[in-house]
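Asks: Structure incoming, see below.
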């Protein structure tokens, strides 16, 4: 009887742990989930070191501009599929919108190699721990959010490679809003 009781206790503790984990992470999914429902929400603070060093990137300093926030990593299989769209959008919208790539859970050397290979021409910051992705509700890589000039995250929120047409339309709409 003791082994059965021990297994039952372990199962209950595991389920309780899973419940606590799920509740703790529900608020992290809030931004992505709300934007997916068509809501506009305040962007979380974003204050991360630039990959090349120097002054930190602070999202609050970009109020008045549209900011495309793209979570990626060099180890991400689908990230190269959107590289050209992000590169072209950075050129097209320079001065009106800012693209920031958030290199997540990655080695700096691998990220720099990726940036060279895919001609990354926009701001890149590092989120070594992945904490920012958790705060934004990121569920996979790549994942893209649009922040309007008022500092609000607006639809669309794109999970997977962002198509060029959708990216340009989202930037255009955010500039108009």
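Asks: Within the range 69-106, find all residues whose amide N lies under 18 Å from a label point positioned 7 Å from the Cα of residue 175 along Cα-to-beta-carbon.
Replies: Only 69, 85-100 fall inside the zone, counting backbone N under 18 Å.
Asks: Now a separate question. Each label point is 7 Å from the Cα along the Cα-to-Cβ direction; what then is the distance between the points at residue 47 and residue 78, in nm?
Replies: 3.2 nm
Asks: What does the extension gain come out to for residue 56 and residue 166, with contour length at 0.36 nm per residue minus their alpha carbon separation?
Replies: 36.7 nm
Asks: Report the gain in length on full extension from residue 121 to residue 88: 0.36 nm times residue separation, minus Cα-Cα distance, nm rounded to one decimal.
Replies: This chain segment gains 11.0 nm when fully extended.
Asks: Using only the Cα atoms of the range 27-176, what do you get for the radius of gyration and for Dmax, in Å?
Replies: 13.7, 38
Every read-out reported here was derived from the displayed coordinates using simple, explicitly stated rules and does not represent laboratory data. These numbers were taken from a predicted model, which means no experiment stands behind them. Every residue, glycine as well, gets a Cβ built from its backbone with ideal geometry; the counts of neighbours run over all protein chains shown.
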